[in-house]
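Scroll down for the structure; my scribbles are underneath it.
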Amino acid sequence: MAADPRLLANAIRALSMDAVQAANSGHPGMPMGMADVATILFTEYLKHDPADPHWHDRDRFVLSAGHGSMLIYSLLYLTGYANPTIDEIARFRQLGSPCAGHPENFMLAGVEATTGPLGQGLAMAVGMAIAERHLNAVFGDDLVDHRTWAIAGDGCLMEGVNHEAAGLAAHLALSRLNVFWDDNRITIDGSTDLSRSEDTIARYRASGWHVVSCDGHDFADIRRAIDEALADPRPSLIACRTIIGWGAPNKQGTAATHGAALGADEVAAARKQLVWDSEPFDIPEPILSAWRAAGGRCRQAHEAYRARLAASPDGEEFVRRMEGRLPEKLGLYAWLDSLAAAPQKIATRKASELALEAVNAALPETLGGSADLTGSNNTKTKNQSVLTKEDYSGRYIYYGIREFGMAAAMNGMALHGGVIPYGGTFLVFSDYCRPAIRLSALQGVRVIYVMTHDSIGLGEDGPTHQPVEHLTSLRLIPNLHVFRPADSVETAECWALALERHEGPSVLALTRQNLPQLRTGRTESLSPRGAYRLRTASAVRRVVLIGTGSEVEVAVAAAEALEAQGIGADVVSMPCWELFEAQDEAYRRDLLPDGVLKVSIEAGATLGWERYVGADGLAIGLDRFGASAPAEDLFKRFGFTAEAIVPRILAALKSQGE
Ligand SMILES: Cc1ncc(C[n+]2csc(CCOP(=O)(O)OP(=O)(O)O)c2C)c(N)n1
Ligand SMILES: [Mg+2]
């Protein structure tokens, strides 16, 4: 006889309140409130196999309301994943325990996404559901046929990104996406009446979703709602009316259960209420075996899948893509050869498009897109058809004006695996994506951001569109590689580096304006070192000019003017700080030696360049907003010309000599 789901759910409640109590920190209310819904999902619907958490065709589950992390830790333990162990749960939120404050994909198999920043889990789930449909269209039902589930709270559905994600999901008719809304009408400050008056259900319906409501503590009603969701061809929002902290007799239904330990008295009262006699972290044997049996539910389906995979002629290619291994050739060599033979004076956004022509032909796993700036970001190549609800096999997504939604969806795609997402917008709007870029970096996923119009060089659109502080601020994000290539050759090299980077995201900052090709003749790839000597001083070296992107051309002109006066000047092109930082000291010192004047030239904030030019160096940049005018006029106006820079260098040399 099947176990009583209430008993199973109470195991989640006990683990959650006891772990939070032990840590004296955490969020018991959400897991206790959603325990009943989660029990039905994990014991009756979710396709997963705790024995192989990475099974490619498993359902994906995202706890968008990440503060309720004890819910997922309980579920993984109870269904029989190798981790967390019960000891790790008992050490919830302590150093070394994988049961971190919020769920982290890099700590536990079974945690599909790092969540906690509200709304983003939902948006990542949309990306996972897109990746699933795309791979299904390419590889067929035999290899790809799964669902994406998410639990979102009131907070997730208030955050702006939920609107972008919901719009995208409905537009692409992601029927295999099912989102539970923990409709408990409580947030940290108290009742949602304090801050919300909208009709969330009507809003989702109007967006094109199927919405079904249920009593989140009535098992039959939960099943009915899920069955209805599964039958509908639209993405579904399953609004579950719940009581936060259900089972804690004096605190349930109040914000007091949201984010603090219940306290010893209330935990004892909840034990009585739930008729739960066992000690903390001790799950009674019959209940644990019932959970473990439920955890093994899909083993046969998994085995059948493995047999299909082994028999499939596409199996090897599918596994290659899912494991994120690149094919031998990125397709860029022929393109680099042609650049050596016939140098191009083009914008780096155009150079990116031409590099992508080769990449997209060689790599069937790239999935591109833009937030409504396709023609400006140059992100769509000739061989890419559009991914639509009628044809998910397309490899280009019109994301609409949804930068944050796009970035979060790309995180979901990369986490799902099987695709390498890249997406474009203007660099200035990287701010709109920033919370998701941060999560790309934290999660260690290969997402490639194509950010064009990378300085005042974009010209007439003016200061609203001209990035100033963006390169600096992106370089602050750990594990993010920020590339700013100087010409068509570097652009191709940086694309290769971004694609080969399995362990994290990359930003390609690209120009609108044309740039000369500075690297002529076929050379080895130089960008992997992050910075390299592009031009060596002829006269005795007294200056090292360091440029990035469009300002490398300016640095070369300034170096030539200095040499004409007998002052030796190296030019260092530095397309990627992070890669340069990874070089050994000898290389770094050789490039940026002591005893010479070091000058950085970048049309953006100077903050940070002290690191390379030193206290006596010169950081030439832009520490104010730009202006609306043709690019050439702006470069003159703000001093990014050899004529403006050389006198500053001469003055600095003079004062150094004194
Ligand atoms: C983007 C973001 N803003 C703020 C927070 C801090 N925070 C965590 S939970 C929460 C309230 C969420 O309310 P709800 O989703 O209803 O969760 P419940 O109280 O029902 O568990 C807030 C503001 C956050 N985690 N992410
Ligand atoms: Mg709530």
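The values are calculated or read from the model by the stated rules, or taken from the named source; none is laboratory data. Every value quoted in this text rests on a predicted model; they were computed, and no experiment measured them. Glycine also receives a Cβ, built like all others from the backbone with ideal geometry; neighbour counts cover every protein chain displayed. Accessible surface is based on the protein model in full, side chains and every heavy atom, while ligands, DNA and RNA are left aside. Shrake-Rupley method; radii C 1.70, N 1.55, O 1.52, S 1.80 Å.
Annotations for the structure displayed:
- Percentage, to the nearest whole number, of Cα pairs in region 131-211 over 20 Å apart: 41
- Within region 161-258, the percentage of alpha carbon pairs spaced more than 22 angstrom apart rounds to 36%.
- Phi angles of region 481-496 translate, via the Karplus equation with coefficients 6.51, -1.76, 1.60 and θ = phi - 60°, into HN-Hα couplings of 9, 9, 9, 10, x, 9, 7, 5, 5, 4, 4, 5, 5, 5, 4, 4 Hz per residue; Gly and Pro are given as x.
- All C-alpha to C-alpha distances of region 22-64, sorted into 5 Å bins beginning at zero, yield P(r) values of 5, 17, 22, 21, 14, 14, 6, 1 percent in whole numbers.
- Debye equation applied to the C-alpha atoms of region 491-586, log10 I(q)/I(0) at 0.22 Å⁻¹: -1.20
- Residue-by-residue Karplus 3J(HN,Hα) for region 243-256, coefficients 6.51, -1.76, 1.60, Hz, glycine and proline x: 10, 4, x, 3, x, 8, x, 9, 10, 4, x, 10, 5, 4
- With the convex hull of the Cα atoms taken as the outline of region 121-175, the averaged projected area works out to 3.6 nm².
- Estimated at 0.36 nm per residue, the fully extended path between residue 502 and residue 87 surpasses their Cα-Cα distance by 146.2 nm.
- Volume per residue that the Cα convex hull of region 270-314 spans, once the total is divided by residue count, Å³: 107
- Scaling the Cα radius of gyration of region 76-155 by the globular reference 2.2 N^0.38 Å produces a ratio of 1.31.
- Mean sequence separation of contacting Cα pairs (under 8 Å, at least six apart), scaled by the length of the chain, corresponds to a relative contact order of 12 percent.
- What a 1.4 Å probe finds exposed on region 458-546 is 50% carbon and sulfur by accessible area, rounded to a whole percent.
- Derived value for the chain: Kirkwood hydrodynamic radius 26.6 Å. Basis is the mean of 1/r over every pair of different alpha-carbon atoms.
- Rg and Dmax of region 269-395, Cα atoms only, in Å: 25.9, 81
- Taking max minus min of the alpha-carbon positions on each principal axis, region 514-658 gives extents of 42, 38, 30 Å, largest first.
- Cα-based radius of gyration for region 6-82, normalised by 2.2 N^0.38 Å, reads 1.08.
- All-pairs alpha carbon distance profile, region 390-453, 10 Å steps from 0, percent: 23, 56, 20, 1
- Equivalent-ellipsoid semi-axes of region 227-311, from the Cα gyration tensor, Å, largest first: 36, 23, 10
- Packing, as the average of other Cβ atoms within 10 Å across residues, places the peptides 488-494, 577-583, 132-138 in the order 488-494, 132-138, 577-583, highest first.
- The HN-Hα couplings worked out from phi for region 323-338 by the Karplus form 6.51 cos²θ - 1.76 cosθ + 1.60 (θ = phi - 60°) are 7, x, 7, 7, x, 3, 10, 7, x, 8, 5, 5, 5, 5, 4, 5 Hz, whole numbers, x standing for Gly and Pro.
- Convex hull volume per residue for region 444-485, taking Cα atoms only, in Å³: 79
- When a 1.4 Å probe is rolled over the protein heavy atoms, the share of accessible surface on region 186-343 that falls to carbon and sulfur comes to 53 percent.
- Of all DSSP-defined beta bridges confined to the chain, some 10% are antiparallel rather than parallel.
- Beyond 25 Å, the tail of the calculated P(r) for region 379-493 holds 25 percent of the Cα pairs.
- For region 1-142, the Kirkwood hydrodynamic radius from C-alpha pairs, put into Stokes-Einstein at 25 °C and a viscosity of 0.890 mPa s, yields a diffusion coefficient of 158 µm² per second.
- Computed across region 431-560, the Kirkwood hydrodynamic radius from all distinct Cα-Cα pairs reaches 15.9 Å.
- Panel values: region 327-402, Kirkwood radius from alpha carbon pairs, Stokes-Einstein at 37 °C and 0.692 mPa s, translational diffusion coefficient 246 µm²/s.
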